[in-house]
Amino acid sequence: MKFQDAIAVRARGVRKRFGTVDALNGLDLEVRRGEIYGLLGPNGSGKTTFIRCVAGLVRVDAGTITLLGVSPRQAVAAGRIGYMTQAAALYADLSVDENLAFFARLQDVPDTATRIEETLRTVELLDRRRSIVSTLSGGLRTRLSLAAALLHRPELLLLDEPTVGIDPVLRREFWTHFRELASRGVTMLVSSHVMDEASRCDRLGLIRAGRVLAEGTAPELIARAGARDLESAFLALDSAPAAGAIG
Amino acid sequence: MNPRRIVAVARRIALGFRRDHRSLALLLVAPLVVLTLVGLVWGTTAETIPNVVFATDRSNLPAPIATRLSDAMTRVTAVHGHVATFDEGMAALRDGSADAVVWFQGSALHVTIEGSDPLRSGSIGGAVQKALVEAVSALGAGGGDSCSATGAGGFQCVGVALGMSVTAPNIQIERLYGSDDYTLLDYLAPVLIAFFAFFFIFLLSAVSFLRERTSGTLERLMATPLRRGELVVGYLAGFSIFALLQAVVIIAFTVFVLKVHYTGNLATIFIVEAVMVIGAVSLGLLVSAAARNELQAVQFVPIVLLPQVFLSGLLIPVQQLPDYLRPISAVLPLTYANEALKAVMIKGAAISDTLVLRDLGVLVLFGAIVAAGAIASIRREVA
């Protein structure tokens with residue numbers, strides 16, 4: 001029981017097929033509570049599909065996914081999940097405040113005004129709270145998207161390529177926030193193909209063709225591949241014919 | 001101008017169409033479908049034979065002639081003739097089972113028509129006159145004994161008895177609903193109100209919900225505790241506020257600016273329209289599920305609306321449609337909205353009227369079924 005409590009995400013033999021394509025092909029994975037787990041893989045490897053399964057948006061064909069001891073839909077319904085989609089996915093015709101107020105109502109956030117202010121301060125968007133989203137730059141929209149995912153203080157944060165298309169300064173700021181959240185016990189499942197980002201995760205799962213090819217910390221994966229850095233390790237492991245999980 | 005660049009642009013458009021099968025199909029097939037529909041509706045519309053009640057108790061003809069004439073009227077081809085009392089005839093006119101009540105008085109042929117539909121009204125007077133000529137001719141051919149009571153014989157005796165020319169009788173047409181000072185707009189206003197309200201709110205809700213899908217916010221919403229039903233009902237509520245506002249504006253403009261005649265209660269007109277537009281919002285949400293972008297959503301407009309233009313009684317009364325098109329007409333929401341609004345605005349029907357209640361019930365049922373479809377169309381596959 002104690003062991004189960006320590007696991008935030010448990011995926012066992014997860015399969016998902018779209019038409020003739022096997023998006024997930026027997027994926028096994030465990031994310032510990034409070035850790036930042038990076039899903040690393042090339043485009044089309046199944047990262048987003050897996051995150052969508054975890055978010056309860058896609059029904060798996062086979063296998064099981066357990067989040068915080070319950071099913072994905074139960075976790076979502078209880079407001080325990082925060083999901084930051086790849087695109088900002090905000091209401092462009094509403095203001096920053098109005099967007100957050102809407103998501104706060106859906107998540108039954110108590111003391112909405114205070115929580116919105118705190119969240120906006122966290123993502124450094126307080127001075128733009130009255131701006132209409134359509135007038136914001138891409139970077140500011142990404143901040144707001146993160147704010148919408150954080151607002152209800154989820155236990156598990158699903159981040160689908162959260163820093164794609166944003167500049168290195170903002171990326172660094174984001175990772176500072178993520179690290180703070182992790183220190184407060186929030187579990188994060190982050191998909192990425194940016195090596196700089198991957199190296200900041202506590203553990204990584206290298207995904208290819210809908211399976212976890214290798215798993216471990218960044219130094220473990222580098223050592224296993226006999227490479228100098230994570231990018232070389234990624235390329236080496238990705239091109240290997242078969243590999244078992246480590247770590 | 002550089003022809004190569006122009007050709008490049010044109011080629012780009014052609015390539016796009018080649019991969020957008022739906023647009024291509026709509027471009028080529030939709031006009032054929034619409035033309036087929038037009039052909040079916042206008043090319044084969046049956047010349048509906050009116051049901052005419054011959055009111056013997058009101059006619060001032062000598063009894064034997066009245067009997068023979070009314071008997072002959074039931075055998076003519078121009079109308080479906082029935083013999084009944086005047087009161088029975090008027091009751092049949094109100095419940096829609098008769099189109100006209102006819103009787104002779106003085107030297108005139110009196111015809112009371114239902115009158116709520118100008119297209120139908122226009123043909124009834126002519127049909128009755130034709131029937132009269134047919135009946136009198138039949139009597140003439142039948143021999144002289146029919147007029148023995150008057151001492152006259154055969155064909156002429158009827159004219160004598162009627163005191164008029166049977167070939168060009170003095171026909172007095174009265175209307176149960178509407179009046180001579182009604183313009184075409186007065187008769188068309190109920191169906192136009194319904195159509196425009198339906199059209200605009202359907203389009204708006206379809207495109208808006210599609211934007212929710214394409215922008216990714218729907219996916220984000222589905223990763224919150226919000227349920228699909230809550231989302232659809234919330235959408236219905238949000239759009240309905242504006243749909244109802246639109247209904248108020250359309251009705252007020254029609255009644256107070258266009259000065260359209262109406263006999264029913266304004267509130268009843270509003271309720272019918274309100275129920276209809278809520279169904280239109282649901283349909284918009286459902287249709288948005290089948291479209292991948294706003295262009296495709298707009299393509300659904302003719303598919304959803306054109307059958308309703310031709311088959312809901314907007315252009316041609318449903319009763320005059322060929323039999324095989326009526327089942328389609330029966331599943332279109334505008335058919336019921338048109339019927340109810342005509343009943344209220346032209347006939348002065350109240351909300352408690354059976355016909356209005358039935359139409360409202362069908363519209364509510366339509367809205368509920370389509371809303372359920374919209375909920376199901378949000379493909380949140382529960383893990």
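Nothing in this text is a laboratory measurement; each read-out follows from the coordinates by a stated rule. The structure presented is a predicted model; accordingly, all values stated were derived computationally and were not measured. Virtual Cβ from ideal backbone geometry, glycine too; neighbours counted across all protein chains shown.
With viscosity set to 1.002 mPa s and temperature to 20 °C, compute the Stokes-Einstein D of segment A:119-247, Rh being the Kirkwood radius across alpha carbon pairs; µm²/s, no decimals. Stokes-Einstein gives a translational diffusion coefficient of 133 µm²/s. Here B:Lys259 is the anchor, and the aspartates and glutamates within straight C-alpha reach of less than 17 Å, apart from those fewer than 8 places off in the same chain, are B:Asp180, B:Asp181, B:Asp186.
Counting only other chain Cβ atoms within 10 Å of each residue's Cβ, the peptide B:209-222 averages 5. Once both labels are positioned 7 Å from their Cα atoms along Cα-to-Cβ, the gap between B:Lys259 and B:Ala108 label points is 2.7 nm.
Note on B:Thr48 and A:Ala77: the model spin-label points, each 7 Å out from Cα along the C-beta direction, lie 5.2 nm apart. In a Debye calculation with equal point scatterers on the alpha-carbon sites of segment B:1-41 and no solvent, what is log10 I(q)/I(0) at q = 0.19 Å⁻¹? Debye intensities relative to I(0), on a log10 scale: -0.64.
The percentage of C-alpha pairs in segment B:172-266 whose separation is greater than 22 Å is 49%.
Here the contact order of segment A:102-247, divided by its residue count and restricted to Cα pairs under 8 Å and six or more residues apart, works out to 15 percent. Note on chain B: with a GNM built from Cα contacts shorter than 10 Å, the maximum mean-square fluctuation among B:Ile49, B:Ile271, B:Ile13 falls on B:Ile13.
Legend: translational diffusion of segment A:72-121 by Stokes-Einstein, Rh = Kirkwood radius over C-alpha pairs, 25 °C, 0.890 mPa s; D = 204 µm²/s. So for the protein assembly as shown: antiparallel DSSP bridges make up what percent, rounded to the nearest 5? Close to 45 percent.
For chain B, the relative contact order comes to 17 percent (Cα pairs under 8 Å, sequence separation of at least 6). Dividing the mean sequence gap of close Cα pairs (under 8 Å, 6+ apart) by how many residues segment B:182-382 holds gives a relative contact order of 33 percent. Within straight-line reach of A:Lys16, meaning a Cα separation under 15 Å, sit the following aspartates and glutamates at least 8 residues removed in sequence or on another chain: A:Asp28, A:Asp61, B:Glu381. Rg/Rh, computed from the Cα trace of segment B:262-383 with Rh as the Kirkwood radius, has the value 1.03.
Placing R0 at 56 angstrom, the Cβ-Cβ distance between A:Glu231 and B:Leu27 gives a FRET efficiency of 0.70 after rounding to 0.05. Against the globular-protein guess of 2.2 N^0.38 Å, express the Cα radius of gyration of chain A as a ratio, rounded to two decimals. This ratio for chain A stands at 1.01.
Across all directions, the average projected area of the convex hull around the alpha carbons of segment A:156-198 is 2.8 nm².
Working from the pairwise distances between different alpha carbons, so that the mean of 1/r is found and then inverted, what is the protein assembly as shown's Kirkwood radius in Å? One decimal place: 30.2 Å for the Kirkwood radius.
Near the amide H of B:Ile171, within less than 5 Å, lie the amide hydrogens of B:Leu109, all on another chain or at least 5 residues away, with H placed in the peptide plane.
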